[in-house]
Amino acid sequence: MKNKTFHFPLIFCIGLVGLFACRDSKTHAIEQYNPFMQLLEKGEAFESNFEYDSAYFYYLKAKTYVEPSTEQGAYNSLKIAQLQHTIGDYFGCEETITETLEIYKGTTYLSYLYNLMAANYHKQNNPEESIQYYQKAIQLTEVPLDKIIYQNNIGLLFLGKKKYKKAEEIYTHLFSNPILQQNIVEWARVMDNLGYTEYKLKNPTSINHLQNALQLRDSLQDSYGLIASNMHLSEYYQTSNPQVAKEYAIKAHKAAIKSQNPDDQLEALKWLTKLGTPQEVKGYYEKYIQLNDSVNLARSKAKNQFAKVKYDAKKATQEVIKYKNQKSILMVIIGLIIIIALLLYRLYQNRNKRKLQLATYSTETRISKRIHDELANDVFNAMTYTQTQNLENPVAKEALLDNLEHIYKRTRDISKENSDIRTDEKYEPDLFQMIDGYSDPNLNVIRKISEPINWQKITPEKKITVQRVIQEFLVNTKKHSQATLVIIDFSEDKKNITITYTDNGIGIKNTQKRKSGLQNAETRILAIKGSLTFDSTIQKGCKITVVIPK
């Protein structure tokens, strides 16, 4: 009988799933909402129900959500290679493992990848390559039981090459290992393989190991193990007791059916065709042909289905990469737009800052000019007057006092126009008091409130700007417009404060001095992102509309 190398891959797959499930249980709990984990779990569910094409689809889909160089990526690739090995796609399995080994940066799954590669070469009747990869797996693993499993597999290779002495050395050494004896399933496997090797060497003690292994597996209800034990015992009795050999072959066949293992069913049927009666042999042979054709057809379809799924997954991956590239480009564009917008905003701020500095400089220059033009000459004249006139003369003394009072009033007006402005709850009364202060016998200033303004919601900067601008308008009107009436209208809506300034003077077009005098006011308004508009449609006078955002 051939050695039972075909038992290992499925046993390996089942053990691997259980081992990884334990190791990754915490990871599953932590990342249960990760698309990768959800897809992986779906694939594992389909694989446990022998729906390999669906499992393959979800494993490939999960691959698009994980970096292949990570532990999760390596585990997912291992699951894909496992399925390929199970359906007999050995070249696809080798390709998947090779690609994974090239990019995998971890160590957790290296020994399992090498072990599967070894089993793959074993199936392709390449024992030399297989042994090399088993040895690599042994060197890399730090799990003592895993080392024993890989050494057991090397023993199977020597059995297949009929190097029974080497196989016996391995199994005798493993059989006495205390770590192995703590794991009854693996101990029974090694015991059975040792008994089978001893049978090949015609060692009479082999039957003890074969039967003890069968009893252990039966007590454990180890379906896969029972297949191997019954097949080995069937071969053992084929010469000495064909009827007993037939009974063991029938038990192996039933165990293979229970385990849904078509390869072992075929092996058992092959033995039954040698051990049954001529009438039974015909039935067994027909079942063998039918099952063999069915298995080959199913695997051929599975390979084609895997190829289609892989092609579709590759297209999906390309679409994902394309989407990620487009997303990256979009993010770069958005980033550039944000940077440009920030630069423009900074430029705008700097420009407004320069305008504000210009307005401050202009105000200081204007104050300096007024002090020089309006006060310095008056003070000089007053000083000259005191030097040239007899101040004991009541008339001269009275003239000097009138002149000094005039200088005082002029100084007070300049100080008032440029003094600090309160922005608290006293702002509105101070503003209206300032406006009313410009009324005199020659100029009537009327303030109008179309819509009350909630000054508490306006920033101090904007309040100061409003008062300074209105002062600019009133001073300009007094100096240049020859107006007798000024109307200042305040209104407010949800977004803006609007101030409409109207006088009945000579207008802006008729005096260049008045136009240049209002430039400072316009600069102030623009600095707080407001707007100032001159109405050119009126025939006489001046109308200015100021809009300030809240």
Here's a check for you: in region 215-244, which residue that is part of a helix (DSSP H, G or I) and β-branched (Val, Ile, Thr) is surrounded by the fewest Cβ atoms within 10 Å (Cβ to Cβ)?
Val244
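Using the structure shown, decide if Leu210 is under 14 Å from Gly155 (Cβ atoms), in a helix (DSSP H, G or I), free of Cβ contacts under 8 Å to residues at least 40 places away in the same chain and not polar (S, T, N, Q).
Considered against the rule, which asks whether it is under 14 Å from Gly155 (Cβ atoms), in a helix (DSSP H, G or I), free of Cβ contacts under 8 Å to residues at least 40 places away in the same chain and not polar (S, T, N, Q), Leu210 comes out as no.
Taking region 443-465 as the search range and keeping residues that are among the polar types (S, T, N, Q) and touching a Ser or Thr at 6+ places or on another chain (Cβ under 7 Å), which one is nearest to Leu526 (Cα to Cα)?
Initially, region 443-465 is screened for residues among the polar types (S, T, N, Q), giving 444, 450, 454, 456, 459, 465.
Still in the list and also touching a Ser or Thr at 6+ places or on another chain (Cβ under 7 Å): 444, 450.
Details: Asn444: 29, Ser450: 24 Å.
Among them, the one singled out is Ser450.
Could you tell me which of the residues Lys274, Lys270, Lys287, Lys282 is of a type in the set (D, E, K, R) and exposed (fewer than 13 other Cβ atoms within 10 Å of the Cβ)?
Testing whether each residue is of a type in the set (D, E, K, R) and exposed (fewer than 13 other Cβ atoms within 10 Å of the Cβ) leaves just Lys282.
Conditions tested, residue by residue: (1) among the hydrophobic types (A, V, I, L, M, F, W, C); (2) closer than 20 Å to Asn126 by Cα; (3) open to solvent by 60 Å² or more (accessible area, probe 1.4 Å).
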site	(1), (2), (3)
Val143	yes, no, no
Asp146	no, no, no
Ile149	yes, yes, no
Gly155	no, yes, no
Lys162	no, yes, yes
Lys166	no, yes, yes
Ser176	no, no, yes
Gln181	no, no, yes
Met191	yes, no, no
What single numbered condition from (1) open to solvent by less than 10 Å² (accessible area, probe 1.4 Å); (2) touching a Lys or Arg at 6+ places or on another chain (Cβ under 6 Å); (3) over 30 Å from Arg346 (Cα atoms) fails to hold for Val486?
(2)
Among the residues of region 245-267, write down those that are open to solvent by less than 10 Å² (accessible area, probe 1.4 Å) and modelled with pLDDT of 90 or more.
Ala245, Ala249, Ala252
Between a residue in region 222-241 that is at pLDDT 90 or above and any residue that is open to solvent by 30 Å² or more (accessible area, probe 1.4 Å) and not in a helix (DSSP H, G or I), which pairs come within a Cβ distance under 6 Å, given they are 6 or more apart or on different chains?
Glu235/Met1
In region 44-83, residues that are modelled with pLDDT under 90 and of a type in the set (S, T, N, Q) total 4
Could you list, in sequence order, the residues of region 446-470 that are open to solvent by 10 Å² or more (accessible area, probe 1.4 Å) and either within 17 Å of Cys542 (Cα to Cα) or among the charged types (D, E, K, R) (or both)?
Ile446, Arg447, Lys448, Glu451, Lys457, Glu461, Lys462, Arg468
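When you check Thr537 against the structure, is it open to solvent by 60 Å² or more (accessible area, probe 1.4 Å) and β-branched (Val, Ile, Thr), yes or no?
Against the criterion (open to solvent by 60 Å² or more (accessible area, probe 1.4 Å) and β-branched (Val, Ile, Thr)), Thr537 qualifies.
So if I check each of Glu169, Glu198, which one is farther than 29 Å from Asn49 by Cβ, out of contact with any Cys (no Cβ under 8 Å at 6 or more places or on another chain) and free of Cβ contacts under 8 Å to residues at least 24 places away in the same chain?
Values: Glu198 fails: free of Cβ contacts under 8 Å to residues at least 24 places away in the same chain.
Answer to the check: Glu169.
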Of all helices (runs of 4 or more DSSP H) completely enclosed by region 160-207, which ones contain at least 2 residues that are touching a Ser or Thr at 6+ places or on another chain (Cβ under 9 Å)?
164-175, 184-200
Unmet requirement for Leu113, which otherwise passes all of (1) under 37 Å from the mean Cα position of the chain (by Cα); (2) closer than 19 Å to His173 by Cβ:
(2)
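Looking only at residues in region 501-517 that are at pLDDT below 80 and closer than 14 Å to Thr477 by Cβ, which one is most open to solvent (accessible area, probe 1.4 Å)? Show your work before the answer.
First, pick out the residues of region 501-517 that are at pLDDT below 80: 508-517.
Then keep just the ones that are closer than 14 Å to Thr477 by Cβ; that gives 508, 510-511, 513-515, 517.
Details: Ile508: 34, Asn510: 118, Thr511: 19, Lys513: 142, Arg514: 3, Lys515: 113, Gly517: 25 Å².
It comes out as Lys513.
Yes or no, residue by residue, for (1) touching a Ser or Thr at 6+ places or on another chain (Cβ under 6 Å); (2) open to solvent by less than 20 Å² (accessible area, probe 1.4 Å); (3) in contact (Cβ under 8 Å) with a residue 40 or more places away in the chain; (4) polar (S, T, N, Q):
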{"position": "Glu71", "(1), (2), (3), (4)": "yes, no, no, no"}
{"position": "Glu95", "(1), (2), (3), (4)": "no, no, no, no"}
{"position": "Leu101", "(1), (2), (3), (4)": "no, no, no, no"}
{"position": "Tyr109", "(1), (2), (3), (4)": "no, yes, no, no"}
{"position": "Pro127", "(1), (2), (3), (4)": "no, no, no, no"}
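The values are calculated or read from the model by the stated rules, or taken from the named source; none is laboratory data. Model, not experiment: these values are computed from the prediction. Using ideal geometry, Cβ is built from the backbone for each residue, glycine included, and neighbour counts are taken over all protein chains shown. Heads up: the accessible areas ignore ligands, DNA and RNA and are worked out on the full protein's heavy atoms, side chains in. Shrake-Rupley method; radii C 1.70, N 1.55, O 1.52, S 1.80 Å.
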